[in-house]
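The values are calculated or read from the model by the stated rules, or taken from the named source; none is laboratory data. Model, not experiment: these values are computed from the prediction. Glycine also receives a Cβ, built like all others from the backbone with ideal geometry; neighbour counts cover every protein chain displayed. For accessibility, only protein heavy atoms count, side chains too; no ligands or nucleic acids. Shrake-Rupley method; radii C 1.70, N 1.55, O 1.52, S 1.80 Å.
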Amino acid sequence: LGINFSASAVSRITKSLNAQVKQYHQRKLLDEYQFLFLDGIYFSVKGALKAKKILILVAYGITMFGKKELIDFRFAQAESTSACEGFLNDLYRRGLEGKNLKLITTDGSKGFAAGIDLVFPHVLHQRCWVHKLRNADKYIRKNDLKSFKIDAKKIYTASTHRDAVVAFKSLRHRWINVYPKAVHCIEQDLDHLLAFLQIPIKEQYREFIRRQIRTTNMIERAFRNVRQRTKIMGCFTNTDSISRIIYAIFNRMNSKWQEKPLTQFTQFI
């Protein structure tokens with residue numbers, strides 16, 4: 001703009017966001033979310049002697065009106081049960097009681113799994129297929145990886161829950177003696193991996209919606225946007241500076257998404 005700002009001026013301007021950040025964390029939530037995605041993202045922040053990693057828990061939702069929204073975020077020491085339960089309880093107290101929630105998708109975090117059982121015990125919990133297959137991949141030789149993934153894909157692209165179970169049994173029969181750890185990795189969480197198939201969806205929207213809700217890819221894409229905008233900042237001075245930039249990015253994305261609802265999510269049942 002042809003105007004030079006000093007570092008102190010920029011600091012004063014950005015600190016003016018503090019009130020908006022506080023309001024964002026305290027605002028009342030409408031109980032209109034039908035899908036939730038929960039995950040965490042790490043940032044570097046200056047410590048007394050060296051930089052340290054700090055975790056931010058994030059809740060991302062899709063409303064009954066097809067609107068995507070980064071609902072809130074919270075600092076945590078780890079994805080522990082207490083941290084995740086506290087985060088979810090705060091959302092609940094502010095209005096997100098889950099009366100319209102159909103599914104909550106996570107990457108397999110034990111903390112979020114325990115928190116969901118405590119705060120939203122009536123809601124189906126979906127384990128992310130991408131993360132689960134990454135866990136199974138490490139037990140498989142490179143030459144067999146493609147074939148194993150083809151068999152796994154038959155499970156999560158099955159038309160019905162029954163067909164998915166049949167597809168898993170086929171995978172198990174073929175690979176159990178070759179890669180027992182990979183098979184057990186999927187088998188131990190099969191119920192949560194197939195939770196998304198219990199939601200009735202009209203045929204014309206089925207493929208699109210199931211692809212969105214069976215993984216945490218939607219929230220991961222939002223994280224990529226955040227990382228792209230913060231990578232040039234390197235290490236943050238403190239948590240307040242992280243809060244301001246995260247709020248600013250989330251607010252911008254939420255504003256853009258308000259104009260482009262996912263119509264498939266408004267009439268799929």
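For the stretch 90-121 and the stretch 153-210, what is the separation of their C-alpha centers, rounded to whole Å?
Taking the Cα centre of each part, the stretch 90-121 and the stretch 153-210 sit 23 Å apart.
By how many degrees, 0 to 90 and rounded to 10, does the Cα axis of helix 203-213 deviate from the longest principal axis of the chain?
So the helix axis and the longest Cα principal axis differ by about 60 degrees.
Taking the Cα centre of each part, how many Å lie between the stretch 250-268 and the stretch 22-39?
Cα centres, the stretch 250-268 to the stretch 22-39: 14 Å.
Which order do peptides 19-28, 160-169, 182-191 fall in by mean Cβ count within 10 Å, highest first?
182-191, 160-169, 19-28
Please report, as a whole percent, how much of the solvent-accessible surface of the stretch 180-267 comes from carbon and sulfur atoms (probe radius 1.4 Å).
Result for the stretch 180-267: 44 percent of the exposed heavy-atom area is carbon or sulfur.
Can you tell me which of HIS125, HIS192, HIS173 moves the most in a GNM of the chain? Springs connect C-alpha atoms under 10 Å apart.
Evaluated over the chain, the most mobile residue of the options is HIS173.
Quick one: length gained pulling ASP117 to GLN228 fully straight, 0.36 nm per residue minus the C-alpha distance?
Between ASP117 and GLN228, full extension yields an extra 36.6 nm.
Compute the acute angle (0 to 90°) between the alpha-carbon long axis of helix 239-258 and the principal axis of greatest extent of the alpha-carbon atoms of the chain; round to the nearest 10°.
Rounded to the nearest ten degrees, it is 60.
If you consider only alpha-carbon coordinates, what radius of gyration and Dmax does the chain have, in Å?
20.7, 69
By how many nm would the segment from ALA9 to SER255 grow when fully extended, if each residue of separation counts as 0.36 nm and the alpha-carbon distance is taken off? Intermediate results must be reported in sequence, preceding the final value.
Details: separation 246, 0.36 × 246 = 88.56 nm, distance 2.66 nm.
Difference between extended and current length: 85.9 nm.
Please give the peptides 219-231, 60-72 ranked by average Cβ packing (other Cβ atoms within 10 Å per residue), highest first, as a rough proxy for protection. Walk me through the numbers on the way to the answer.
Details: 219-231: 14.9, 60-72: 20.6.
Highest-to-lowest ranking by the protection proxy: 60-72, 219-231.
Please list 138-148, 109-119 highest first by mean number of surrounding beta-carbon atoms within 10 Å per residue.
Listed from highest to lowest mean packing, they are 109-119, 138-148.
Express the relative contact order of the stretch 143-269 as a whole percentage, based on alpha carbon pairs under 8 Å and six or more residues apart in sequence.
22
Please work out the average accessible area per residue across the chain, using the 1.4 Å probe convention, and give it in Å².
For the chain, the solvent-accessible area averages 55 Å² per residue.
Tell me the relative contact order for the stretch 30-162 as a rounded percent, counting alpha carbon contacts under 8 Å between residues six or more apart.
Once divided by the residue count of the stretch 30-162, the mean separation gives 22 percent.
So, with a 1.4 angstrom probe, what is the percent of accessible area on the stretch 35-135 that is carbon and sulfur?
Answer for the stretch 35-135 is 51 percent, counting heavy atoms of protein chains only.
Output the relative contact order of the chain, whole-number percent, from Cα pairs under 8 angstrom with separation of 6+ residues.
Result for the chain is 23 percent.
Roughly what angle does helix 81-93 make with the longest principal axis of the chain, taking Cα atoms, 0 to 90 degrees, to the nearest 10?
70
Treat each spin label as a single point 7 Å out from the Cα along the C-beta direction, and report the ASN18 to TYR92 distance in nm.
The answer from the label model is 3.2 nm.
Explain nothing, just the number: dipole magnitude of the chain about its Cα centre with +1 on each Lys and Arg Cβ and -1 on each Asp and Glu Cβ, in debye rounded to the nearest 20.
900
Tell me, in nm to one decimal, what length is gained between ASP137 and SER159 on full extension, where the rule is 0.36 nm per residue of separation less the Cα-Cα distance?
5.5 nm
Assign one of three labels to the stretch 137-269, namely rounded, prolate or oblate, based on the Cα gyration tensor with a ≥ b ≥ c the square roots of its eigenvalues; rounded applies when a/c is under 1.5, prolate when it is not and a/b is larger than b/c, and oblate otherwise.
oblate
For the residue pair ALA248 and LYS181, what label-to-label distance in nm results when each label sits 7 Å from Cα along the Cα-to-beta-carbon direction?
4.5
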